[in-house]
Amino acid sequence: MSERISLLGTSPPRLDGHDKAAGRALYLDDLDDTGVWYGATVRSPHAHALVRGVYFDAQSAPPGTECVTAADIERNNGLQTLDDIWPLLADREVNHVGEAVALVVGPDPQTARRAAAAVQIDYEPLEAILTWDQAEEVEPLCTLSLDQGDAEADFASAPLLVEGEYFTGYQEHIYIECQAMQAHWEADGTLRIQGSMQCPYYVKKAMLHAFALPDEKVRVRACLLGGGFGGKEDYPSMIAAHCALLARKCGHPVRMVYDRHEDIIATTKRHPSRTRIRTALSGEGEILAAAVDFDLDGGAYQGLSPVVLSRGILHCTGPYRVGSVRIRGRVLRTNTPPNGAFRGFGAPQAEFAWERHLDRISRHLGMDPLTLRRKNVLRPGDRLPTGQVMDESCSAETVLERVAESTDFLRRWRACAKDRSSAPDDGKPRRGVGISLSFHGAGFTGLGEERMRSPVGARLRHEDGRLELLCAATEMGQGAVSTLPLLAAESSGLRADQVSMAEPDTAKVPDSGPTVASRTSMIVGGGAARVAAELCGRVLEWKAGSDGAEWSLLEGNVFRNGQLVSPF
Amino acid sequence: MRVAFTLNGRPVEVEGQGDERLLDLLRRHFRLTGTKEGCGEGECGACTVLMDGAAVLSCLTPLVQLDGRELFTVEGLEATTRGSQFLERFAAGGGTQCGACTPGIVLSAARYLSETPVVDRNGIRRALAGNICRCTGYEAIVKAIEAEGGRKDRVQLALHPSDPELTEERES
């Protein structure tokens, strides 16, 4: 009974693999659309303008089509994320190119597009904020700072200072399946949403707010996602609200599927960044102090930017030991589409700048980039700027050494440097080689996970005796529907095929949190493992209580006093 | 206009606008939703189908070009024994992630495997040059196709309605 074969570390086929390969797996736009109408969005061509009037020419529009503007919104014209400032439809003012001003609906996509051409909008263009310099002149969307130690004193006494400025640009997610959503009002006033989304409970929260509905009147189901990468964290709530507004107006279920062009124009991107770094160094290359000004371009509305900024700030000095820090972060407002979640969530921008800065330092010192990193890499006992002390699990040094060794880094770096130094100054490109190290926290930062305490449920199904996990984790290619059952099976003594997952429908599963931040395997998976073990444990206790025998579960089989009884 | 063609081995006739996209025709008219739209402008390859045995982009193929053609989609591939076994092995080999690019990829792969006696990694990569996997699962995809190429019973399509395997499958 003590022998236990671990499921973890094995690579069983993904449960959804064959369906996907065969084209059987259903994404939102693959669902039957009988009786479903289609919506289209009329967007601002201006970065900043007053909206003087929105007119729908019902005469020239295809018969039966309808239009919705801000004036039709009965309750809250704001997308509920951290705040609700981002309008569902622009009212008197547009603040970025691509901002939604009006919605139209028709019985099929072509008719909806023709109806969109019947919407006329009278704009008065205004000056727009489009550059870092302009953005600095207005109030930032949010700020955040982090201090540790006495950076001022360390700068004053340091033998060497190195400064640098680093920029990163936009990045678009390009999930292969574009944004897709559908809304339907039931006869009893319940709003039902289904679509391509990472976070069904975010969408639910936004619908409750936009339509001022009680909790039981909104039901949201996440379909299979053809990719997300963060791009389906916040914006799906916007499209869900648009579909719901149109569905209310026309009385039919309404579907919206963006084409690639619209998806790129309108939805959130990775925040462009500007990072200014000043470092104080010892002559040997130890980083005594760092002052980092970390700015993100948030676009026109705040959205998720404060949380992106927070993660960026926490990663500003990378996996390295830094004596003291003074970090100042801002999200600046510009007249561009709001930026949002994208894998890494602010950390890649910050770590890119820091790694480039380390290379700058190594050039200043005449030191190779590996040696500089070796001197400063985090080791157990070191402290992050947040005060977190690294325990024995800190593997930064091991990773650095393994990469250096397996790539023969130093030899290649020296060879490239030698080639460059002996090459003529003829403007032709030269070859280089670099090394960088990064770290990333899985799950919400700070006290996020502790505060959320997101529940995962489990039940035993009467139909087939399987243990069914109840959580809001969505499947977007990362393999949640295969990984979570594996974790639950491992912890409870079941086989993976005795565990299934309920679909992420807010009427069926608890809010186990959003499918973001690399938290699904680690946080939700932990919850799944615990709840499965507890549920099976209780069943065994109940059996033991009934006959006094010792009951146990191993690899999906039930044992009584060590004797095999039956499969679970 | 009216066009007649064969779809997964079955003769069909369609009345429609000459500029209607094959992609919409498949998804909306025939309800064959295995073919996916990724970009709508011929960049990503998600909507790849086979026409007269060649991989084509259904988002750039108008109805007017379909008359007399032989079209083959992922549903047709799954309907054959060897095709279905290939898809199962492809998935087991880790070839799918989010799945949106997969139907296009397996058709490009099936064409390549059917035409190439001895497969190699460069050939596989060339065959998939028009298919983007945004989840960046290329290594597992290439390995899965390479493994298929090493099998005696690998996927083999004559890509023709008289292909005995296709005919047999449909009739059964």
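Find which of B:4, B:133, A:281 sits farthest along the positive direction of the dipole of the protein assembly as shown, computed with +1 on the beta-carbon of Lys and Arg, -1 on that of Asp and Glu, about the Cα centre. So the residue we want is A:281.
Amide H to amide H distances under 5 Å link residue A:288 with A:280, A:281, A:282, A:323, where only residues 5 or more positions off or on other chains count and H is placed in the peptide plane.
For segment A:175-248 versus segment A:86-140, the inter-centroid distance based on Cα atoms is 21 Å. Relative contact order, whole percent, for segment B:76-158 stands at 44, derived from Cα pairs under 8 Å and 6 or more residues apart.
Annotation: amide H-H contacts under 5 Å for residue A:93 (H modelled 1.01 Å from N, sequence separation of 5 or more, or interchain): A:51. Projected onto planes of every orientation and averaged, the convex hull of the alpha-carbon atoms in segment A:1-102 covers 14.3 nm².
Here the protein assembly as shown is assigned +1 on the Cβ of each Lys and Arg and -1 on the Cβ of each Asp and Glu. Its dipole about the Cα centre then comes out at about 1320 debye. Looking at the square roots a ≥ b ≥ c of the eigenvalues of the Cα gyration tensor of chain B, which shape do they give, rounded for a/c under 1.5, prolate if a/b is larger than b/c, or oblate? Oblate, since a/c reaches 1.5 and b/c is not below a/b.
Shown for segment A:29-171 is the translational diffusion coefficient from the Stokes-Einstein equation, using the Kirkwood radius over Cα pairs, a temperature of 4 °C and a viscosity of 1.567 mPa s: 67 µm²/s. Pull out a ≥ b ≥ c, the square roots of the eigenvalues of the alpha-carbon gyration tensor of segment A:368-482, then state rounded if a/c is under 1.5, prolate if not and a/b is larger than b/c, and oblate in the remaining case. Judged from the Cα gyration tensor, segment A:368-482 comes out prolate (a/c at least 1.5, a/b above b/c).
A dipole drawn for chain A from +1 and -1 charges on Cβ atoms has a positive end, and of A:199, A:64, A:141 the residue lying farthest that way is A:199. Restricted to Cα atoms, segment A:494-568 shows a radius of gyration and a Dmax of 15.6, 46 angstrom. Summarising the label geometry, the points placed 7 Å from Cα in the beta-carbon direction at residue B:2 and residue B:43 lie 4.0 nm from one another.
For segment A:123-184, the fraction of C-alpha pairs more than 20 angstrom apart is 68%. So what's Rg/Rh here for segment B:2-73, counting alpha carbon atoms and using the Kirkwood radius for Rh? Using only Cα positions, Rg/Rh for segment B:2-73 is 0.92. Measuring nothing but how far apart in sequence close Cα pairs (under 8 Å, 6+ apart) lie, relative to its length, chain B scores a relative contact order of 25 percent. Would you be so kind as to identify which of B:64, B:30, B:14 lies farthest towards the positive end of the dipole of segment B:2-73, taking Lys and Arg as +1 and Asp and Glu as -1 on Cβ and the Cα centre as origin? So the residue we want is B:30. Peptide A:9-19 has a mean of 5 when you count, residue by residue, the C-beta atoms of other protein chains within 10 Å of its C-beta.
Listed cross-link partners A:20/A:249; A:232/A:508; A:217/B:36; B:36/B:152 are compared with a 26 Å cut-off, the Cα-Cα value being larger for A:20/A:249; A:217/B:36; B:36/B:152. Counting only Cβ charges, +1 for Lys and Arg and -1 for Asp and Glu, the dipole size of segment B:2-73 around its Cα centre is about 300 debye. Does anyone have the angle between helix B:102-115 and the longest principal axis of chain B? Alpha-carbon axes, 0 to 90°, nearest 10? Around 80 degrees separate the two axes. Within segment A:305-385, none of the chymotrypsin sites (Phe, Trp or Tyr not before Pro) combine a DSSP coil assignment with at most 11 other C-beta atoms in a 10 angstrom radius. Here the Gaussian network model covers chain B, with springs between Cα atoms less than 10 Å apart; of B:82, B:151, B:125, B:151 fluctuates the most. Angle of helix B:81-92 to the longest C-alpha principal axis of chain B, folded into 0 to 90 degrees and rounded to 10: 50°. Here the average projected area of the convex hull drawn through the C-alpha atoms of the protein assembly as shown stands at 39.7 nm².
The slack in the chain from residue A:50 to residue A:405, taken as 0.36 nm per residue of separation less the alpha-carbon distance, amounts to 121.8 nm. For segment A:419-568, the square roots of the Cα gyration tensor eigenvalues, ordered a ≥ b ≥ c, give a/c of at least 1.5 with a/b greater than b/c, which places it in the prolate category.
Binning all Cα-Cα separations of segment B:76-158 at 10 Å, short to long from zero, yields these whole-percent fractions: 19, 60, 20, 0.
In a reduced charge model with +1 at each Lys and Arg Cβ and -1 at each Asp and Glu Cβ, segment B:76-158 shows a dipole moment near 120 debye about its Cα centre.
Evaluating kT/(6 pi eta Rh) at 25 °C and 0.890 mPa s, with the Kirkwood radius of segment A:328-389 over Cα pairs in the Stokes-Einstein relation, gives 168 µm² s⁻¹. Here the mean projected area of the convex hull built on the C-alpha positions of segment A:157-253 is 10.4 nm².
Any read-out appearing in this document is the output of simple, stated calculations on the displayed coordinates, not a laboratory observation. A quick note: this is a predicted structure, and the numbers were derived from the prediction, not measured. Neighbour counts are summed over all protein chains in view; Cβ atoms, including those assigned to glycine, are modelled from backbone coordinates with ideal geometry.
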